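Trainee: Below you'll find the structure I mean.
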Amino acid sequence: MTLNASDKVFVKERLERAREIMLRYPDSRSALLPLLHELQDAAGYVTQSGMREIADLLGITPAEVLGTASFYTMFKLEPIGDHLVSVCTSLSCQLYGADVLYRNLLAHFAVANKKTTADGVFTFEEVECAAACGGAPCLQIDYKYFEFLDPEKAVELLEDVRNRGLSIVHEERGSVNAPLPPLTPEEVSKGPAPVGSGPLSETAREEGHG
Ligand code: FES
């Protein structure tokens, strides 16, 4: 069942569950993160009215709930599409062309960063290191990993998910494509694929980011 933004979330079984979660902690305010997860699971994102419900349950202010929810990137404060596509553009992935891969995806699906496709299927976001540097470049769809991608493979993967569904695609393909060949010394010395153009700046190299 899909909830409307104004529907009460913590009722019946969900209210029971919230109370059970709160009992796990000596200070019920410590249940804030799990309750935010409950809210997001139920409503699809962290709604304003849901945050007020959590504040009432925990005896804190809505501003405190918002302060925590807005700190963690896994909590979404706006509605998102059926699938969240998180593309890592940190250094290891950049070295293997993540910027180009991401720009190509956005162009293919005619959407901007942090926005949802017109059909409501995908919301795209750029993320910091997704802790799969050995499989660079990588992306996650609803937090399921897909590694060793390139621009064409990434588009083909998402089209497959759009047509056949994430669980089927993930089950059939697994997370990992064939590894890419290692970078040549020349490619490494060039630095990450440019957002604008050119290799890492001299300043970045001096600061040890290269
Ligand atoms: S830099 Fe992309 S997973 Fe670490």
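The values are calculated or read from the model by the stated rules, or taken from the named source; none is laboratory data. Owing to the predicted nature of the structure, the values given are computational and were not obtained by experimental measurement. Backbone-built Cβ (ideal geometry, glycine too); neighbour counts: all protein chains shown.
Trainee: Looking at segment 74-84, is at least one residue in contact (Cβ under 8 Å) with a residue 40 or more places away in the chain and either more than 17 Å from the chain's Cα centre (by Cα) or within 16 Å of the ligand (Cβ to nearest atom) (or both)?
Mentor: Among the residues of segment 74-84, not one is in contact (Cβ under 8 Å) with a residue 40 or more places away in the chain and either more than 17 Å from the chain's Cα centre (by Cα) or within 16 Å of the ligand (Cβ to nearest atom) (or both), which makes the answer no.
Trainee: Follow-up. Answer with yes or no whether PHE109 is more than 16 Å from the ligand (Cβ to nearest atom), under 20 Å from ASP41 (Cα atoms) and aromatic (Phe, Trp, Tyr).
Mentor: No.
Trainee: List the number of the failed condition for GLU171; all other conditions in (1) surrounded by fewer than 13 Cβ atoms within 10 Å (Cβ to Cβ); (2) in contact with a strand residue (DSSP E or B) (Cβ under 6 Å, 6 or more places away or on another chain) hold.
Mentor: (2)
Trainee: Can you find a residue that is in a loop (DSSP other than H, G, I, E, B) and either touching a residue at least 24 places away in the same chain (Cβ under 8 Å) or surrounded by 12 or more Cβ atoms within 10 Å (Cβ to Cβ) (or both) anywhere in segment 95-107? Explain how you work it out, then say what you get.
Mentor: To start, the set of residues in segment 95-107 that are in a loop (DSSP other than H, G, I, E, B) comprises 96-97.
Applying the additional criterion that residues be either touching a residue at least 24 places away in the same chain (Cβ under 8 Å) or surrounded by 12 or more Cβ atoms within 10 Å (Cβ to Cβ) (or both) yields 96-97.
Yes.
Trainee: Output yes when any residue across segment 30-44 is more than 16 Å from the ligand (Cβ to nearest atom) and assigned to a loop (DSSP other than H, G, I, E, B), and no when none is.
Mentor: Yes, segment 30-44 has at least one match.
Trainee: Moving to a separate point now. Identify, from the list VAL87, VAL46, VAL65, the residue that is at pLDDT 95 or above, crowded, with 21+ Cβ neighbours inside 10 Å and in the same structural domain as ALA131 (by TED's automatic domain parsing).
Mentor: On inspection, the qualifying residue turns out to be VAL87.
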